[in-house]
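To start, the structure itself, in structure tokens.
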Amino acid sequence: MPCLFCGNLEAPGIFKPHHGCQLSDSEPCAACKEVQELEPQIAEAKDVLYKMLVRHRELRTKMNHSHNPIVSQLPPEIVSHIFELSLPERPPEKSSRGLTKNEICAPLILGAACQLWRHIAFSTPQIWTSISIYLGNRFESAKAGTTQCELAQEWLSRSGELPLSVYIYGGTEHTGGRNIASLMEIVNRHSSRWNHLELEFPQHLASLLCGDSSGASILHNLRLYCNDESEYRFLDEGSFTLSNVKPSPTSISLANWSLKKVNIEWNHATHVNLGWADISECIEVLRCAPQLICFKFTEARDRISTDFSPYATPASPIIRPLLRELEIGVDDADMGAKFADSFILAGLEILTFSGHDSLPTNSLISLLNRSSCLLTTLSIKKYSINNAEILPLLRATPSVRNLHFCWLFGTIAFFNPLETISLASSDKPEEDGHLLPGLETISFSGEHRTAELFPWSLVSKMFGPVSEIHSTHRRPLSKFDISLTQYGELSPSLYIDEESIRRFLELREAGITLDFTIVVHTEARDLIELSIEHHGKIDKPSPSSNSSS
């Protein structure tokens, strides 16, 4: 083994046996004689050093055992459980992309502490049930690819027979490794144990992950993301298909991945997320998945490719009573209307609409009326909202308790919905036509880039007199959040005026939660506190003025 101080004594140039010369009377010179005498001493020293290093390693192992409170005082089963609890959490809905290298390699790090830890770690299958594989590029050495295959094989074998979470990543430039087929084959051998499978690579590689044709599938979570942005990916022959088995996952996420390239059963799906799908694919998923509870699709398009053959639109609305949460994300209002007109959702409670075009107000109202659902949460994600599109929708959803507006751009975008809600009667909920009588929380978020004053006075109008804040004759509005992003220096137009500051302080004292945040240069600040600093001392109104406000 290498010397810790001198390096490897066997390395060329460090120590070489000498072959004596014959310069005088066939006898070696004086220097050669001395070297020949020194060499046996070196060999003996090497042997002694080797034995000392072995003994040193043995003693270090004993030291680690005696000085380690975990190992010396706890049985191995408890230590195994501690190792399991020490690993970073990997929620099924969250990609492992955000984990650090140390977090991903945590089981190996535990095993590197000492020999006893290594024995316990390697004998604890629970800490080896998640594996992250990053595909190499075509220029990597054959040795590097072989090492990766060996590591994957050892890692998976240590997991015993427990369910697996498998994460495989590779960009378009990192998918030509020499051992990619061998690596996929190793993963395939354990396909009957795949519980969570996340693939992020060009779609053509999916055909390599076909399983091992044995055992039923226990796949619960499936996430497929094609990172090839070209239109030609739809012509690719690669698809996710397991040999002799058709998995029935309950949670499915597809991003930039053709629905026709996923060979699974949809009957048991309860949660589905689609990204950059064709609108006909979105309709088809909900048609094929009667057990869906949560369905979200974003950035849906019409005819995502000239070679794409869309699914047929239902001739009449399809009933899906179990769906509780729906997000409709489309490029234009016609696509949103096309989806909304295709279903009856009697159990719908949470509705989110995101898009850059106008709101398909009539179709959304028709969906809600046709479904006779009691919507509790409504979220609108748009750059701008006008009263003509939002007011009819709010009137059609009197059961809404939580209202959210996101992605707003510019002061005018905030002004319209604020004006619509604040000017509606809030102190007579029993009156016919009252807007959102059960509203409890409301939030706005977006970007502020104009010099126009923010309409803070409209915010305070939503609560009515402080003296009646707990009255049963007003909205139960108790929480108001505003989150703004400002690029560059803080605009003076965002400071809250003194009168509104006093009003907000009164509301906070009365138990109303007001969270007004501005993010400038990635730093989040409280706008009320910033405004107080800007204006100087703010005198609070007297109790008499509170009762009359």
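Pairs exceeding a 25 Å alpha-carbon distance, out of K101/K382; K338/K382; K261/K296; K296/K338; K260/K296; K381/K479: K101/K382. The stretch between A396 and H534 holds 45.5 nm of extra length on full extension. This uses 0.36 nm per residue minus the Cα-Cα distance. The phi-based Karplus calculation (6.51 cos²θ - 1.76 cosθ + 1.60; θ = phi - 60°) puts the 3J(HN,Hα) values of segment 208-218 at 6, 9, 10, x, 10, 6, 10, x, 6, 8, 10 Hz, whole numbers, x for Gly and Pro.
Overall form of segment 235-336: oblate. Here a/c, set by the Cα gyration tensor axes a ≥ b ≥ c, is 1.5 or more, and a/b is not larger than b/c.
From the Kirkwood radius over Cα pairs of segment 331-372, Stokes-Einstein at 4 °C and 1.567 mPa s returns a whole-number translational diffusion coefficient of 124 µm²/s. Spin-label pair E523-S478: with each label point 7 Å from Cα along the Cα-Cβ axis, the two points sit 3.4 nm from one another. Distant-in-sequence amide contacts of S379, defined by a placed amide H-H separation under 5 Å and a gap of 5 or more residues or a different chain, comprise L351, T352, F353, H404. Applied to segment 44-60, the Karplus parametrisation 6.51 cos²θ - 1.76 cosθ + 1.60 on θ = phi - 60° returns per-residue 3J(HN,Hα) values of 5, 5, 4, 5, 4, 4, 4, 5, 5, 5, 4, 5, 4, 5, 5, 5, 4 Hz, with x for Gly and Pro.
Extension gain for A388-S467 works out to 25.1 nm (0.36 nm per residue, less the C-alpha to C-alpha distance). Using a cutoff of 8 angstrom between alpha carbon atoms and counting only pairs six or more residues apart, the relative contact order for segment 236-278 works out to 46 percent.
Residue ranking by accessible heavy-atom surface, 1.4 Å probe, largest first, among M52, M184 comes out as M52, M184. Whole-Hz Karplus values for segment 182-191 come out as 5, 5, 5, 5, 4, 5, 4, 4, 10, 5 Hz, taken residue by residue from phi with 6.51 cos²θ - 1.76 cosθ + 1.60 and θ = phi - 60°; glycine and proline positions read x.
Put simply, the amide H of I344, placed in the peptide plane, has neighbours under 5 Å in I318, I319, R320, leaving out anything fewer than 5 places away on its chain. Let me check against my output: what whole-number percent is the relative contact order of segment 326-384, with C-alpha pairs under 8 Å and at least 6 apart? That works out to 42 percent.
Ordered from highest to lowest accessible area with the whole protein assembly present and a 1.4 Å probe, E103, E34 read as E34, E103.
Just check segment 455-514 against the gyration tensor rule for me: Cα atoms, a ≥ b ≥ c as the square roots of the eigenvalues, rounded for a/c under 1.5, and otherwise prolate or oblate depending on whether a/b exceeds b/c. Since a/c reaches 1.5 and a/b is larger than b/c, the shape of segment 455-514 is classed as prolate.
The values are calculated or read from the model by the stated rules, or taken from the named source; none is laboratory data. No experiment lies behind these values; they were computed from the predicted model shown. Methodologically, a virtual Cβ is constructed for each residue, glycine included, from the backbone with ideal geometry; neighbour enumeration extends over all protein chains shown. For accessibility, only protein heavy atoms count, side chains too; no ligands or nucleic acids. Shrake-Rupley method; radii C 1.70, N 1.55, O 1.52, S 1.80 Å.
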